[in-house]
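The values are calculated or read from the model by the stated rules, or taken from the named source; none is laboratory data. A quick note: this is a predicted structure, and the numbers were derived from the prediction, not measured. Cβ placement follows ideal geometry from the backbone for every residue including glycine, while neighbour counts extend to all protein chains displayed.
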Ligand code: HEC
């Protein structure tokens, strides 16, 4: 296992390490790191939709994950879908990139939990 990880890391650098960590477990600190690395430039470090990439010329605002009212309109499956396949998969803006080729399923699942923590909401059921 270690051998495989170091080989991967050599091939693709730091990203592979993050990915390997993500598959092993979904511990909160690691998820936080994944979020900061991949999502915060648009969604903000605290998920308020105010990352440094966002200027007034941004055509749509990245979702504010602390807005429980908005986040309650989405099921966990909706979030998973939009994170894996990007905005257009959910009839949303292509400004929201697809992450299915970058993140593992386990990382996406833990990101869903992370967003639920930020909104302090359970989301739409079903
Ligand atoms: C390049 C900027 C950018 C990055 C990076 C980004 N997003 Fe987004 N995201 C957006 C924008 C813009 C929207 C709003 C799309 C819309 O409303 O049409 C959005 C919307 C969303 C939504 C809400 C979709 C909905 O149906 O309301 C979720 C969930 C989401 N992003 C999760 C993530 C996660 C998790 C990451 C990190 C893996 C991430 N985003 C990284 C720009 C980004």
Criterion violated by residue 32 - all others in (1) exposed (fewer than 15 other Cβ atoms within 10 Å of the Cβ); (2) more than 10 Å from the ligand (Cβ to nearest atom); (3) touching a residue at least 24 places away in the same chain (Cβ under 8 Å) satisfied | (1)
Test residue 92 against the stated conditions and say whether it is over 14 Å from the mean Cα position of the chain (by Cα), within 12 Å of the ligand (Cβ to nearest atom), in a loop (DSSP other than H, G, I, E, B) and modelled with pLDDT of 95 or more.
-> yes
Criterion (near the ligand (Cβ under 8 Å from one of its atoms), farther than 27 Å from residue 55 by Cβ, free of Cβ contacts under 8 Å to residues at least 60 places away in the same chain and outside any loop (DSSP other than H, G, I, E, B)) met by exactly one of 108, 82 | 108
For region 35-48, name all the residues that are in a loop (DSSP other than H, G, I, E, B) and within 8 Å of the ligand (Cβ to nearest atom).
-> 39
Please enumerate the residues belonging to region 68-79 that are in a loop (DSSP other than H, G, I, E, B) and either crowded, with 16+ Cβ neighbours inside 10 Å or within 14 Å of the chain's Cα centre (by Cα) (or both).
-> 74
